[in-house]
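The values are calculated or read from the model by the stated rules, or taken from the named source; none is laboratory data. Computed from a predicted model, the values in this text were never measured in an experiment. Heads up, the Cβs are rebuilt from the backbone with ideal geometry, glycines too, and the neighbour counts pull from every protein chain shown. Protein only, heavy atoms only, side chains kept; ligands, DNA and RNA dropped before computing areas. Shrake-Rupley method; radii C 1.70, N 1.55, O 1.52, S 1.80 Å.
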Amino acid sequence: MCKETESIFAHPIDLHLATRGIQGWPKLSVEVFSVNALKEFYPVGVGFAFVPTTPGTHKLRISTWRVAPLTLFDSIKEKFYSGGFTIVKKDLIHTGIERYKISTISSGVVEVHLSVVLKNFRKYNIHFD
C-alpha cells in the first residue's frame, strides 16, 4: 500500500518577463528533493509545466517523474543508501529530445497556484480574449 505524503509551502514567485510573441513561452520547472537521517538530500522527482498564456489565477498540477532503478542493486542502493539518481543534463527535464532514452517512473504531483498578469501585449498585436 502506498502512503501519500503532502508538504505545503507558501513561497511567492515574482517574475517580470518581456517578449514580443508567444514563441519560447516560459516554463515552470520543479525539482523535488528528500532528506534522509544523515541530512543528505537526493532527488525524488522532476517536472515542468508551461506558464499559462491567459491572465488570471491558475492552478497548475505538475506531474513529476524520476529515473527508475535498472537493477535490484540499484533499487536497494536507492532505498537505503543514496536515494535516487540525479539528472546531469537539466534540459532533459523539459525537452523530449533525449528523454525517451531514460527509464522513468512517476513520483507524484506538485500543485502550484499562479497568478498571471499580462502587460503591453496589445502593443505588439498579441490579443488574449
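Got at least one residue in the range 19-32 being modelled with pLDDT of 70 or more, β-branched (Val, Ile, Thr), open to solvent by 30 Å² or more (accessible area, probe 1.4 Å) and more than 30 Å from LYS119 (Cβ to Cβ)? Yes, because at least one residue in the range 19-32 is modelled with pLDDT of 70 or more, β-branched (Val, Ile, Thr), open to solvent by 30 Å² or more (accessible area, probe 1.4 Å) and more than 30 Å from LYS119 (Cβ to Cβ). The C-beta contact set for the range 106-122 (first residue modelled with pLDDT of 85 or more, second residue in a loop (DSSP other than H, G, I, E, B) and surrounded by fewer than 12 Cβ atoms within 10 Å (Cβ to Cβ), distance under 9 angstrom, 6+ apart or interchain) comprises GLY108/GLU4; GLY108/THR5; VAL112/ILE13; LEU114/ILE13; VAL116/THR54. Could you list, in sequence order, the residues of the range 35-50 that are open to solvent by 50 Å² or more (accessible area, probe 1.4 Å) and farther than 15 Å from LYS77 by Cβ? Across the range 35-50, the qualifying residues are VAL35, ALA37, LYS39, PHE41, PHE48, PHE50.
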